[in-house]
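Written below as structure tokens is the structure these notes are about.
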């Protein structure tokens, strides 16, 4: 028998807060998420119908485009309408709230839009034409937020909103993405306190052991959904629940809170998608699917560093090995595939996937073209590479051995085509779509490595470049847009369509995709090397008596040919069916 919504909420709350009045807390949860409305009578069942081959995401800051006259969100809206129509149908606007640091991830007020960007009507205007993704920065808030100021003054309920510990506590097992001290001493009306800061001393971690924190976050989620947000990116969610003496990452209570969010989303009248941001090794990342009862989608975090290695090394060996061992997403779930984001290229996800010597080669090669490296504190107290800071387009400037260095653009386009070909929804950072160079001035001016990949384009200059077909910006946007438009029509590129990793020449990364109705097959082939590669035709399962052609060139495969040729960094989508 299926439990009622109330019973399901109570079951989860009993796992999170066993000492609380679960019945009263259940009513409070429903009141927080549906303050004036009602949930669906039945939940939205897990389904592949939540997405289609047309789904693709553009990732951008609200102020990636500036002109000194118009609101940045208006410029973004103009760019989306003028350049991205029928290319992507979703846009992830990185934190657009008032903030004090970390480019938006130290939020002061979740209910306001940063006035330097625009206001809620500007957000809603974008959301009226694209599926809108926003960041639920639910692990921490700014040290200058009203919540934290109230905490320091001892004002209820915020006096219990933040996680405290003591310098003498056993914190040696805590997993950190940063090298700064975990605890920060602050003066309060109750005397000095030490608050937990997973990321920086301007980002104070919330105390989810207090159910009032969860209820306030649920009210914020409802407010954002009412403003048109349809995809919630759960930022840094792995660190949500803290306990002294534990690693304080991937805690059971964290998973239960995500299950609660999923349950509420499935009962919402609006279609609300949860995306977890967990930049961790493979098995830990996959755990956020739960049993099809946690995230609808998870970032495919090993993909960016593995694509980077493949393109620099000219070998798809490690990329292929990882992909061949990846499970299909569970029912009602999918992967978000990407090569670059606003953060660096995380290296934790390839722990155990790439040998240390290969990681070192990647780092040295990227550093040689001006890339940077950020570190984290290991459990042993030392420092380890956390991420590479470099735009993906400049990272494609050279290979390990310098082969094909005159094929910079071809190497880059191949890297982005891999993202389009795999099971899941493809996502593209605006600075990849625009082939933006590394912003070294930004690093110096803003004092952080990640600024290298957070350039702010002067919009008139960008438009002039996009109108000149010879610029890297015009070439990248045109080529990526063309391939995404072709992809959107192919049922075999449905995010949940069948996928099989092909065992081919190490210089070629290939997957076979098949539509749900089995009518269309696509053999997606990507030469990651500067060599011309001939593949034996019998390496592919090309059904006899059917005509096969390349979707990217509209070229028919010659009947009777024994081989298939890929030029340096060429990609081919070989199919039997033109949708």
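For segment 196-253, rounded, prolate or oblate, judged on the Cα gyration tensor with a ≥ b ≥ c (square roots of eigenvalues), a/c < 1.5 rounded, else prolate if a/b > b/c?
Numbers: a/c = 2.03, a/b = 1.85, b/c = 1.09.
Prolate shape, in that a/c is at least 1.5 and a/b is the bigger ratio.
How far apart, in nm, are the 7 Å Cα→Cβ label points at residue 555 and residue 405?
2.9
Angle check, please: helix 22-33 long axis (alpha carbons) against the longest principal axis of the chain (alpha carbons), in degrees 0 to 90, nearest 10.
The angle comes out at about 60 degrees.
Can you give the convex hull volume of the alpha carbon atoms of segment 180-279 per residue, in Å³?
In segment 180-279, the Cα convex hull volume per residue is 127 Å³.
For segment 24-130, would you read off the P(r) tail past 22 Å as a percentage of all alpha carbon pairs?
Considering segment 24-130, 50 percent of its Cα-Cα pairs are separated by more than 22 Å.
Rounded to the nearest 0.05, what FRET efficiency is calculated for residue 470 and residue 363 with R0 set to 30 Å and r the Cβ-Cβ distance? Working shown, then result.
Values: r = 33 Å, r/R0 = 1.08.
The formula returns an efficiency of 0.40 here.
If you take all C-alpha pairs in segment 128-203, what percent of them are over 21 Å apart?
Result for the distance tail: 35 percent.
Between residue 482 and residue 155, how high is the FRET efficiency from 1/(1 + (r/R0)^6) when r is the Cβ-Cβ distance and R₀ = 56 Å? Nearest 0.05.
Calculated value: 0.50.
Once every DSSP H run of n ≥ 4 in the chain is given -39500 (n - 2.57) and the sum is divided by its residues, what mean residue ellipticity at 222 nm do you get, rounded to the nearest 500 deg cm²/dmol?
-9000 deg cm²/dmol
Computed on alpha carbon atoms, what radius of gyration and Dmax characterise segment 51-95, expressed in Å?
Reported Rg and Dmax, both Å: 11.3, 38.
Only bridges with both residues in the chain count here: give the DSSP antiparallel percent, nearest 5.
Approximately 60 percent, going by the DSSP bridge assignments.
Output the 0 to 90 degree angle, nearest 10, between the alpha-carbon long axis of helix 252-267 and the longest principal axis computed from the alpha carbons of the chain.
Orientation of helix 252-267: about 80 degrees from the principal axis.
Take the eigenvalues of the Cα gyration tensor for segment 281-367, scale each by 5, and report the square roots as semi-axes in whole Å, largest first.
Ellipsoid semi-axes (Å, largest first): 25, 13, 11.
Taking the chain as the reference, fit the longest principal axis to its C-alpha atoms, fit the long axis of helix 211-226 to the helix C-alpha atoms, and give the angle between the two in degrees, 0 to 90, nearest 10.
50
Return an integer: the convex hull volume of the alpha-carbon atoms of segment 418-541, in Å³ per residue.
Values: hull volume 18.8 nm³, N = 124.
For segment 418-541, the hull spanned by Cα atoms encloses 152 Å³ per residue.
Kirkwood Rh over Cα pairs of segment 1-74 into Stokes-Einstein at 25 °C, 0.890 mPa s: D in µm²/s?
146
Taking Rh as the Kirkwood radius computed over C-alpha pairs, what is the Stokes-Einstein D of the chain at 37 °C in a medium of viscosity 0.692 mPa s, expressed in µm² per second? Walk me through the intermediate numbers first.
Values: Rh = 24.8 Å.
After rounding, the answer is 132 µm²/s.
Take the Cα atoms of segment 297-420, find their three principal axes, and give me the spread along each one in whole Å, biggest first.
Principal axes ranked by extent give 44, 40, 26 Å for the Cα atoms.
Hey, got the Cα dimensions of segment 79-138 along the principal axes, in Å, largest first?
The principal-axis extents, from largest down, are 35, 19, 16 Å.
What does the convex hull of the alpha-carbon atoms of segment 498-575 project to on average, in nm²?
4.9
Bear in mind that the values in this text are calculations on the coordinates, not laboratory data. Source: prediction; values computed, not measured. Counting neighbours? That spans all protein chains shown, and the Cβs are built from the backbone with ideal geometry, glycine included.
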